[in-house]
Amino acid sequence: MTRIASISTHPISVPRPLPVWTAHEEIRAWSVILTEIRTDDGLVGYGLIHGAPMPRICEWVARFAEIARGMDALAHEAVWARLFALTSPRPGVMDGWAIDGRDGAMRPVPRGERTQAMAAIAGIDIALWDLKGRAAGLPIWRLLGGENRPLATYATGGYYRQGAANSDYAEEMVRFLDLGYRAVKLKTGAGSVADEAERVAAVRAAIGEQPDLMLDMNAPYDLPDCIEFARRVDPYRIFWLEEPLHWYLQPADFARLAAATPIPLAHGERELTRFTVRDFIVTGGIRYVQFDATRAAGFTEALRVAALAEQHGVIVAPHTAPEIHGHLVLALPRCTYGVESHGGADTDPLAHGLFQTHPELRDGFLHISEAPGFGLDPDWAFVERHRV
């Protein structure tokens, strides 16, 4: 048995030249937490976490590392189950002490910190999968029985910039097409319904009719406004509306929106487990599920979400991190669409700088390597240069 010896974190942040905004928040940097797991016999695996606040997530990784130390590093299901169990009350635990000693001396994760704890589990789980692939000498997609092929992808942009005009965002989308992308995703939702519809119209006019155009809305509207927005942008051949409704609206509200527009709905990146994703898939009317393994619960949970989606005829289109999620898409060709990118090194310097190699864009498709695990070999000089 190869046992977990240590789990460490490397928080990294690359400042943006100027701040940008989504409909929901300001973004001043590209940030990620690199996780590293080492075993007692010299194996190593790397994972990624996207979340905040980074110091608190790193603290949860360190706490979970104490629980996972000594466990079988190839038994990702057992590690996942043990850590996830700590997010709920457990019999025999009082005042933070496990009476029978099996779970370690740890209280259940406080309700207010579940998001950070689930992000920590994500980073540990992804690193264990990477380690497993390296131990087998196989890429994760092959370990899962997949076949390598070019992956459909799209470039996300159009983040709001102070003083930018609609024509500026349109030109940005055109530059993605010049790089070779055949689909683009535009940030929307920060303005009124009428203003945002004009912005979408300007982008469609600039990119032409052929490229697919997704809208990433970041939960800006209530149901009536979103129905009106969908009506206004429908003539522009929109591929999907992503996170269209306010954060507190539920699958029943998504179902009403789905019934009111022919534009498919996409959702899932902010969900923490398969259990909440399930309700959006089964009753929420979404056509694309965007569970993000790097934000919550990891690759193990992403596989469960994908299986559930396939059973209900919903397409998996993972949120960001193509170097991780590309392996999921390759392994499940019947129920997946593709992966999200953010352009080249100038528009996504973190993703292109963190690892020695990166999925390659050719002819509008991403190509995943044959390297073992996720193929993630960090550029340690880059890590040290941008370590938080």
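What to note about this one:
- Residues (assigned to a helix (DSSP H, G or I) and either closer than 19 Å to TRP240 by Cβ or in contact with a strand residue (DSSP E or B) (Cβ under 9 Å, 6 or more places away or on another chain) (or both)) located in segment 280-306: PHE280, ILE281, VAL282, GLY298, PHE299, ALA302, VAL305, ALA306
- Every pair of residues 6+ apart whose Cβ atoms lie under 9 Å, when the first sits in segment 142-155 and is closer than 19 Å to GLY373 by Cβ and among the hydrophobic types (A, V, I, L, M, F, W, C) while the second is open to solvent by 60 Å² or more (accessible area, probe 1.4 Å) and not in a loop (DSSP other than H, G, I, E, B): LEU151/PHE365
- Failed condition for GLY146, given (1) among the small types (Gly, Ala, Ser); (2) surrounded by fewer than 22 Cβ atoms within 10 Å (Cβ to Cβ); (3) on the phi > 0 side of the Ramachandran plot: (3)
- Among the residues making up segment 210-236, those that are aliphatic (A, V, I, L, M), open to solvent by less than 10 Å² (accessible area, probe 1.4 Å) and outside any helix (DSSP H, G or I) are LEU213, MET214, LEU215, MET217.
- Every test in (1) charged (D, E, K, R); (2) more than 29 Å from PRO53 (Cβ to Cβ); (3) out of contact with any Ser or Thr (no Cβ under 8 Å at 6 or more places or on another chain); (4) without any contact (Cβ under 8 Å) to a residue 60 or more places away in the chain is passed by ARG199 save one, and that test is (3).
- Verdict on ASP168 being open to solvent by 30 Å² or more (accessible area, probe 1.4 Å), assigned to a helix (DSSP H, G or I) and closer than 20 Å to ARG28 by Cα: yes
- Output for segment 64-88, where each listed residue is surrounded by fewer than 17 Cβ atoms within 10 Å (Cβ to Cβ) and within 23 Å of GLY112 (Cα to Cα): GLU66, ALA81, ALA85, SER88
- Some residue of segment 262-276 being touching a residue at least 24 places away in the same chain (Cβ under 8 Å), surrounded by fewer than 18 Cβ atoms within 10 Å (Cβ to Cβ) and of a type in the set (Gly, Ala, Ser): no
- Residue list for segment 298-321, restricted to those being surrounded by fewer than 24 Cβ atoms within 10 Å (Cβ to Cβ), at positive phi and more than 8 Å from the chain's Cα centre (by Cα): GLY313
- Cβ-Cβ distances below 7 Å connect the following pairs, each with a first residue in segment 216-228 that is in contact (Cβ under 8 Å) with a residue 12 or more places away in the chain, a second residue that is among the acidic types (Asp, Glu) and in a helix (DSSP H, G or I), and a separation of six or more residues or different chains: LEU223/ASP253.
- Any chance THR283 is more than 25 Å from LYS187 (Cβ to Cβ) and either touching a residue at least 12 places away in the same chain (Cβ under 8 Å) or of a type in the set (D, E, K, R) (or both): yes
- Residue in segment 330-346 that is within 16 Å of the chain's Cα centre (by Cα), over 23 Å from LEU128 (Cβ atoms), hydrophobic (A, V, I, L, M, F, W, C) and open to solvent by less than 20 Å² (accessible area, probe 1.4 Å) present: no
- Residue tally, condition open to solvent by less than 40 Å² (accessible area, probe 1.4 Å), more than 14 Å from ASN148 (Cα to Cα) and modelled with pLDDT under 95, over segment 356-380: 2
- Matching residues, segment 26-58, being part of a loop (DSSP other than H, G, I, E, B) and free of Cβ contacts under 8 Å to residues at least 40 places away in the same chain: ASP40, ASP41, GLY42, ALA52
- Failed item in (1) of a type outside the set (Asp, Glu); (2) open to solvent by 40 Å² or more (accessible area, probe 1.4 Å); (3) under 20 Å from ASP292 (Cβ atoms), with VAL20 passing the rest: (2)
- Qualifying residue in segment 73-95 (condition: touching a strand residue (DSSP E or B) at 6+ places or on another chain (Cβ under 8 Å) and within 15 Å of ARG295 (Cα to Cα)): no
- Candidates ALA309, ALA345 - the one that is without any contact (Cβ under 8 Å) to a residue 60 or more places away in the chain and in a loop (DSSP other than H, G, I, E, B): ALA345
The values are calculated or read from the model by the stated rules, or taken from the named source; none is laboratory data. None of the values given here were measured: they were computed from a predicted structure. Note that each Cβ is placed from the backbone with ideal geometry, even for glycine, and that neighbours are counted across all protein chains shown. These accessible areas exclude ligands, DNA and RNA; they are computed on the full protein's heavy atoms, side chains included. Shrake-Rupley method; radii C 1.70, N 1.55, O 1.52, S 1.80 Å.
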